[in-house]
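Colleague: Shown below is the structure under consideration.
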Amino acid sequence: MKLLKKRGQRHEDNMLAMIDVVFLLLIYFLCTAQFGILELDFNADLSTGMSQEQADSEQDFETVKIFILADDAGFLCNRMSYSDIHSLRVRLEELRSLYDARIIIDAQEGVIFQSVMAVMDETTALDFSNVSFAGKQ
Amino acid sequence: MNITPRYERRSVQVKLTAMIDVVFLLIIFFMTVSQIDKDMKEQLPLPVAEHGHDVLDREGRFIINMEKDGSIIIAKSKRSYGDLQTILRQQVATRGADEIICVLRIHQFAAFSSVQEVLGTLAKSGVWQIRFSVVEEQV
C-alpha cells in the first residue's frame with residue numbers, strides 16, 4: 001500500500017466541478033426567488049407638517065371638493081354630477097386651465113380605495129399642487 | 001544583438017476558493033436582505049395609478065399594510081388602531097416626526113373609510129409624510 005505521494009506531485013482539487021455546483025446553486029436561487037412587482041410611491045403628505053407661511057398661502061387657493069359616490073355611481077365636483085372619471089377629468093382640466101385649485105377628496109361610505117386613487121391619479125396628472133382628503137366624520 | 005525581451009514563463013493561477021467564498025457570501029447576503037423586505041410587505045393587490053413615482057427615499061420608511069377588510073398588518077403582525085397609534089408615537093419620540101415616512105400599502109378593494117381612519121391616526125401621532133404604494137399596471 002502506497003500512502004506517500006511521489007515527490008513533486010501536486011494535489012489539485014477539481015475546481016471546475018465546484019464552480020459548476022456554485023453556478024447551479026446561483027441559478028436555482030435566482031429561479032426560486034419571487035421577483036416582486038415594481039411598486040411606485042404616491043405622495044399624500046398630510047397638512048399637519050405645514051409651516052404657518054404655507055398654511056397662509058393655502059388660503060389663496062380656490063377649493064374644489066370632489067365627492068366619490070359608492071357603487072360606481074359617479075362623482076360630485078363642487079356639487080355638479082359627473083357620471084364617470086373621464087367626464088370628471090374634462091371638468092378638472094377646465095379648472096386647471098383657470099387656476100391651481102385646492103382639491104379635497106371625500107367619498108361615500110363603501111367606496112373602495114382604488115376609486116379614490118383613480119381621482120388622485122387624475123389630479124396628479126393635471127399637476128394640482130394641493131390635494132388632500134376629507135377627514136372621517 | 002538580441003533585442004527580444006526574455007519572458008519568463010509563469011503559470012497564472014487564480015485562487016478560485018476565495019472567489020467561491022465571496023460568491024456564497026453574496027448569495028447569503030441577497031437572500032437575507034430580500035427576506036427582510038418580504039417580512040415587511042404583505043402580498044396585496046395594490047391600487048393601480050399611472051402617475052406614481054419611483055421610490056426616492058428608502059430610509060426611514062415605516063410600512064403599514066392594510067387588508068381588504070381594513071385590518072392593519074405591521075411586520076407580519078395584525079395590529080389594532082390603538083396599537084398603531086402607540087407604535088407611531090414611539091417612533092416619533094425616538095426618531096422625530098420629520099424623519100418618518102409612512103408607507104401605506106393598501107388593498108385596492110379596501111374601504112376608503114378604513115384608510116381615512118388610518119390617516120386620522122397618523123395625523124394624531126404627528127406623522128405627516130405619507131406615501132401610498134401603487135402599481136402601474138394590474139397584474
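All of the numbers you see were taken from the coordinates with simple rules; none came from a lab. All figures in this text were calculated on a predicted structure; none of them were measured in a lab. Here the Cβ is made from the backbone with ideal geometry for all residues, glycine too, and neighbour counts use every protein chain on show.
Colleague: What is the average number of partner chain Cβ atoms found within 10 Å of a Cβ in B:105-111?
Modeller: 4
Colleague: Here's a follow-up. Given chain B, what percent of its DSSP beta bridges are antiparallel, to the nearest 5? Can you show the working numbers first?
Modeller: Working: 5 of 16 bridges.
Of all bridge pairs located within chain B, approximately 30 percent are antiparallel.
Colleague: Could you pull out every whole DSSP H run in chain B that spans at least 30 Å of Cα extent along its own axis and averages 1.0 or higher on the Kyte-Doolittle scale?
Modeller: B:16-40
Colleague: If you don't mind, another one. If you take every DSSP beta bridge whose two residues both sit in region A:59-137, what share of them, in percent to the nearest 5, is antiparallel? Mind showing how you got there, number by number?
Modeller: Values: 6 of 16 bridges.
If we restrict to bridges inside region A:59-137, about 40 percent are antiparallel.
Colleague: Average the reciprocal distances over every distinct pair of alpha-carbons in region A:62-133, invert the result, and give the Kirkwood radius in Å. Write out the running numbers ahead of the final one.
Modeller: Details: mean 1/r = 0.0839 Å⁻¹.
Result for region A:62-133 stands at 11.9 Å.
Colleague: Restricting to DSSP loop positions (anything but H, G, I, E, B) with no more than 12 other Cβ atoms inside 10 Å of their own Cβ, which trypsin sites (Lys or Arg not before Pro) remain in region B:53-111?
Modeller: Working: sites: B:Arg58, B:Arg61, B:Lys68, B:Lys76, B:Lys78, B:Arg79, B:Arg89, B:Arg95, B:Arg105; in loops: B:Arg58, B:Lys68, B:Lys76.
Sites meeting the loop and neighbour criteria: B:Arg58, B:Lys76.
Colleague: Would you mind ranking A:Ile68, A:Ile85 so that the residue whose beta carbon has the fewest other beta carbons within 10 Å leads the list? Don't jump to the answer; show the numbers that get you there.
Modeller: Working: A:Ile68 22, A:Ile85 18.
By the 10 Å Cβ count, ascending, the order reads A:Ile85, A:Ile68.
Colleague: What's the whole-number percent of alpha carbon pairs in chain B lying beyond 17 angstrom? List each step's numbers first, then the result.
Modeller: Values: 6647 of 9591 pairs.
Percent of Cα pairs beyond 17 Å in chain B: 69.
Colleague: Using the count of nearby Cβ atoms within 10 Å as a rough guide to exposure, how do B:Leu88, B:Leu26, A:Leu40 rank from fewest to most?
Modeller: B:Leu26, A:Leu40, B:Leu88
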